[in-house]
1. Output the number of the condition that Lys350 fails; it satisfies all remaining conditions of (1) touching a Cys at 6+ places or on another chain (Cβ under 9 Å); (2) among the charged types (D, E, K, R); (3) exposed (fewer than 15 other Cβ atoms within 10 Å of the Cβ).
2. Quick one: Val80 ticks every box in (1) of a type in the set (Val, Ile, Thr); (2) part of a helix (DSSP H, G or I); (3) modelled with pLDDT under 95 except a single one, so which number is it?
3. Within the stretch 228-249, track down each residue that is acidic (Asp, Glu) and under 13 Å from Asp216 (Cβ atoms).
4. If I go through the stretch 232-253 residue by residue, how many of them are crowded, with 20+ Cβ neighbours inside 10 Å and assigned to a loop (DSSP other than H, G, I, E, B)?
5. Within the stretch 236-247, is even one residue assigned by TED's automatic domain parsing to the domain that holds Ile335, at pLDDT below 95 and within 27 Å of Asn348 (Cα to Cα)?
6. Do we have any residue at all in the stretch 222-231 that's farther than 23 Å from Phe345 by Cβ and either free of Cβ contacts under 8 Å to residues at least 40 places away in the same chain or part of a helix (DSSP H, G or I) (or both)?
7. Quick one: would you say Ser152 is touching a strand residue (DSSP E or B) at 6+ places or on another chain (Cβ under 9 Å), touching a residue at least 60 places away in the same chain (Cβ under 8 Å), of a type in the set (Gly, Ala, Ser) and within 27 Å of Gly100 (Cβ to Cβ)?
8. Return the pairs, sorted by first residue and then second, in which the second residue is among the aromatic types (Phe, Trp, Tyr), the first residue lies in the stretch 355-367 and is loosely packed, with under 15 Cβ neighbours inside 10 Å, the beta carbons are less than 8 Å apart, and the residues are 6+ apart or on different chains.
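The values are calculated or read from the model by the stated rules, or taken from the named source; none is laboratory data. As the structure is a prediction and not an experimental result, all values here were calculated from the model. Neighbour counts are summed over all protein chains in view; Cβ atoms, including those assigned to glycine, are modelled from backbone coordinates with ideal geometry.
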Amino acid sequence: MKIAIVCYPTFGGSGVVATELGLELAKKGHEIHFITYSQPVRLALLNNNLHYHEVHVPEYPLFLYQPYELALSSKLVDMVKLYKIEVLHVHYAIPHAYAGYMAKKMLEDEGIRIPMITTLHGTDITLVGNHPYYKPAVSFSINKSDIVTSVSNSLRDETYRLFDIKKEIVVIPNFIEPSKFSLTEEVKCGRNVMAHDNEKIITHISNFRKVKRIDDIVKIFYNIQKTIPAKLMMVGDGPEKQMAEDLCNTLGIYDKVVFFGNSSEIDKILCHSDLFLLPSETESFGLAALEAMSCGVPVISSNSGGLPEVNIDGYSGYLSDVGDVDSMSKNAISILVDDEKLKTFKKNAKEVASRFNILNIVPMYENVYTQAIELSNQKA
């Protein structure tokens, strides 16, 4: 199949999932065309089955904000015609599904019918999409998609609750490629760069937005290090990063915390970690937690959104109510203080993560593409 993938080319979960999906589809012989405003961060190498097309947004003094949706829809039309693309797969409802629908209508005027799959990832529904300014456009774009998927049961249910959706939403969970998180001998030697042998390594990875409750992470670690020698690895960047650094200074633990910023070596950091913290206000799925679990890292998280579908309470980690720092701290310490318990939770985390192997999930998308093309042909 010839598939166009539209996504945000960032470190965020939706961009990572879209990119990894495209890479795996290309390995399986599909022709993949990424169409976005810059090359996705995990799209390291291009090959005969993998292509990237940049969307240029020309500057024009009339516009206070340059119209990316117009440029994207026009680029989609051009690429579909040039490469005979058979299906559009857009990640994020806005602006991608909206632009995709406009491209579909323009192509129909030229006698070209192309189906569009829209994958919902989270904040496009729960935060941005639910804003009164965008809500009608989001509802319209979802309902006009040929097939709609979401990354968790929780997000599917939330979409139905917040919007007037008449389409069936198919749940296809996020995934990981276990081979990317295997511990090599070279990586094993790097642990002493982050912590001493007697110290446990606690890790958090995110875009440091308020929804991630970054202050809770610092407070949980503060409680942990009072009982157990430990270091905290803070990976990522965003608006709450400075607040976190200030809080570490206030609590007197700045020397025990490492702020990496955005990193392309997440696998190396996770492979040395003993515990992963994700106390978010909400998570549509919790891809960062899944990546940690794939490395055998137990997860201490909130019980919000799709996290209970990924992190199994009392088995791969523990779930607590949002904002319950005391509960999360106690659960973290209970795992870290007992080496045998930690070893068991590490094993369990890896076992749960294996259920989300990319080899199990990609065929679900292939089936969706086939269904979409068949439906489109029936309408022709």
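1. So Lys350 meets the others, but not (3).
2. (3)
3. Going residue by residue through the stretch 228-249, those that are acidic (Asp, Glu) are 237, 240, 245-246.
Of everything in the stretch 228-249, just one residue is acidic (Asp, Glu) and under 13 Å from Asp216 (Cβ atoms), namely Glu240.
4. Residues flagged as crowded, with 20+ Cβ neighbours inside 10 Å and assigned to a loop (DSSP other than H, G, I, E, B) within the stretch 232-253 amount to 1.
5. yes
6. The answer is no, given that none of the residues of the stretch 222-231 is farther than 23 Å from Phe345 by Cβ and either free of Cβ contacts under 8 Å to residues at least 40 places away in the same chain or part of a helix (DSSP H, G or I) (or both).
7. On the way: touching a strand residue (DSSP E or B) at 6+ places or on another chain (Cβ under 9 Å): yes; touching a residue at least 60 places away in the same chain (Cβ under 8 Å): yes; of a type in the set (Gly, Ala, Ser): yes; within 27 Å of Gly100 (Cβ to Cβ): yes.
Answer is yes for this residue.
8. Final answer for the pair search is Asn360/Phe175.
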